[in-house]
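Notes to accompany the following structure.
The values are calculated or read from the model by the stated rules, or taken from the named source; none is laboratory data. Because the structure is a prediction, the values reported are computed rather than measured. So basically every Cβ, Gly included, is an ideal-geometry build from the backbone, and we count neighbours across all protein chains shown. Side chains included, ligands, DNA and RNA excluded: accessible areas come from the protein's heavy atoms. Shrake-Rupley method; radii C 1.70, N 1.55, O 1.52, S 1.80 Å.
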Amino acid sequence: MYLHEPTYDPDELFSANYHIHTNLSRCGHREMTLEAAVRAAEAAGLREIAITDHIHPFETPKLRRNKRVLEPQREALQTEVKIYLGAELSAHGVNKHTLKYADFPLEYKLYAHNHYHMRGWEQPEDRSPAGYKEHCKQTLYNAIASGRPDCFAHPFIDRYIVREFEDEYGFTPGCITNLWTDNELGDVMTAAKEKQIAWELNTTVFRTYTDFMRRYYHIGKEVGVCFNVGSDAHSADKVDHAFYKEFFIHNIM
């Protein structure tokens, strides 16, 4: 389900941050409480945020813990910022999803399909760049068919594969990402649009994958998809993504 109507106005896109981790994520900074995230959003002039703490494969029980912790905190906060309590979930292989029960009460389901560095993630039999690209493609289509995601996190990006396997296979950033053709991107984005699944503009990859992000954005705009901007913040100082808005305007749009 879309959180907002599709728009390509950078002022509208960057008025929200839909990818924020608190200290309930193992990688979140200790001081990154919900209140810290909200106060940073207020200072940045954001109108909406989504809390998307990691729920990796086999971590489903953390969903209930996070809900118990965050809901009372949200109720106690006085703020004009709209707060969605969601999670960054896992499509960790073909027909493999974090959530066995699609009706768990999350307000935003952000799905990662490319955390290949994580324990329990399905690896392709073919460990070549082409093999990984094809596995990513199958995983995306399967997740789309399930109807579970609201948005895909950092889609198509190969940085986690490169980090994990660069010594063994000699991968470099973009060696898998850039194998996606324009037609393949357009087809999978169209399939997601039909299910009202959005695609993330993840600001952490703008500079490393600028050429791809430009291609991805323009194909998505042509298809008419909904983009959600997320800074993948793990600390309060990363909630404000104003710098990336300027980079987006000058280098990607």
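Summary table below
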{"item": "Qualifying residue in segment 202-214 (condition: crowded, with 16+ Cβ neighbours inside 10 Å and basic (Lys, Arg))", "result": "no"}
{"item": "Condition met for Tyr160 (without any contact (Cβ under 8 Å) to a residue 60 or more places away in the chain and either within 18 Å of Ile49 (Cβ to Cβ) or more than 17 Å from the chain's Cα centre (by Cα) (or both))", "result": "no"}
{"item": "Criterion (buried (at least 18 other Cβ atoms within 10 Å of the Cβ) and within 30 Å of Arg30 (Cα to Cα)) met by exactly one of Val162, Val188", "result": "Val162"}
{"item": "Any hit, segment 199-207, residues being part of a helix (DSSP H, G or I) and free of Cβ contacts under 8 Å to residues at least 12 places away in the same chain", "result": "no"}
{"item": "Boolean, Gln123 is within 20 Å of Gly220 (Cα to Cα) and open to solvent by 10 Å² or more (accessible area, probe 1.4 Å)", "result": "no"}
{"item": "Test: Ala102 is surrounded by fewer than 15 Cβ atoms within 10 Å (Cβ to Cβ), of a type in the set (A, V, I, L, M, F, W, C) and either at pLDDT below 90 or in a loop (DSSP other than H, G, I, E, B) (or both)", "result": "yes"}
{"item": "Helices (runs of 4 or more DSSP H) (entirely within segment 128-196) containing at least 2 residues that are more than 23 Å from Met118 (Cα to Cα) and among the charged types (D, E, K, R)", "result": "182-194"}
{"item": "Of residues in segment 23-66 being within 11 Å of Ala233 (Cβ to Cβ) and touching a helix residue (DSSP H, G or I) at 6+ places or on another chain (Cβ under 8 Å), the one most open to solvent (accessible area, probe 1.4 Å)", "result": "His29"}
{"item": "Count - residues of segment 144-174 that are modelled with pLDDT under 95 and hydrophobic (A, V, I, L, M, F, W, C)", "result": "5"}
{"item": "Extreme residue, most open to solvent (accessible area, probe 1.4 Å), among residues of segment 109-119 that are more than 12 Å from His97 (Cβ to Cβ) and not charged (D, E, K, R)", "result": "His117"}
